1. From the Cα trace of the range 144-194, what convex hull volume per residue do you get, rounded to a whole Å³?
2. For n ≥ 4 DSSP H runs only, could you compute -39500 (n - 2.57) per run for the chain, divide by its residues and tell me the 222 nm figure to the nearest 500?
3. Between THR120, THR88, THR46, which gets the highest mean-square fluctuation from a Gaussian network model of the chain, Cα cutoff 10 Å?
4. Using only the alpha carbon atoms of the range 63-196, find the Kirkwood hydrodynamic radius as the inverse mean reciprocal pair distance, in angstroms to one decimal.
5. Among ASP31, ASP178, ASP47, which one moves the most in a GNM of the chain with springs linking Cα atoms closer than 10 Å?
6. Rounded to the nearest 0.05, what FRET efficiency is calculated for LEU186 and ILE136 with R0 set to 35 Å and r the Cβ-Cβ distance?
7. If you add up the charges near LYS180, with Lys and Arg at +1 and Asp and Glu at -1, over every other residue whose beta carbon is less than 12 angstrom from its beta carbon, what do you get?
8. For the chain, modelled as a Gaussian network with Cα springs under 10 Å, which listed residue fluctuates most, LYS118, LYS56, LYS180?
Amino acid sequence: MLTFRNYNIADWFSFYRIAAAPLLLILMGLDNRSLFTWLLLISYLTDAVDGYLARKLKITSPRGSQLDSFGDQVTLIIGLLGLFYFETKFIKINWVLILIAFVPYIIQMVLAYLRYGKATAFHTYMAKLSAILQSIFILWSLFFSPEYVLFYTMIVIGIIETAEEITLIFMYKNWASDVKGIYWALRDKRRLKKVN
């Protein structure tokens, strides 16, 4: 049975992102854009810190990877909800492009749950780049206003990243964490053992 002592410092940063979500929703409901944005920035910063700490302190684990991925997904959803709420006009103008980018993500999530019974935690380089661009775009939009160059870049990279995730789902029969990308997956012994 897991107790609080079984979790490490990197896990607690992931827990923070999950625990911050209800507070961020309340701030959105109170129409407090400024405080919402600052706390969202802190959530994004903890995402950068937890992975670094896990690698630096050599405390990476499949559980930690899954917890990190869940924290990432919660933070992304909250950030998008904030964008929808505070920048409604921008969303209405660009809803078709947003839908084009979002549908493959939903497909990827469904495929992961059908194949593994849970979300992926590949943590590819492309996923990290996509997450950075998403957080920059969302924060820039909330602090200032939406910037179309950032928006288009985020959409393109997001679609490429989702396509890579879907490809990796088909490459790995069993759930695996911390796969850097397709190139590395082709040489991954975990995948090759399942094939032979």
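The numbers here are math on the coordinates, done by the rules we state, and not lab data. Since this is a predicted model, take the numbers as computed values, not measurements. Backbone-built Cβ (ideal geometry, glycine too); neighbour counts: all protein chains shown.
1. Given the Cα convex hull of the range 144-194, per-residue volume reads 89 Å³.
2. So the calculated ellipticity at 222 nm is -26000 deg cm²/dmol.
3. Taking springs between Cα atoms under 10 Å, the residue moving most is THR88.
4. 15.7
5. ASP31
6. After rounding to 0.05, the efficiency reads 0.70.
7. My count for the surroundings of LYS180 gives -1.
8. Fluctuation is largest for LYS56.
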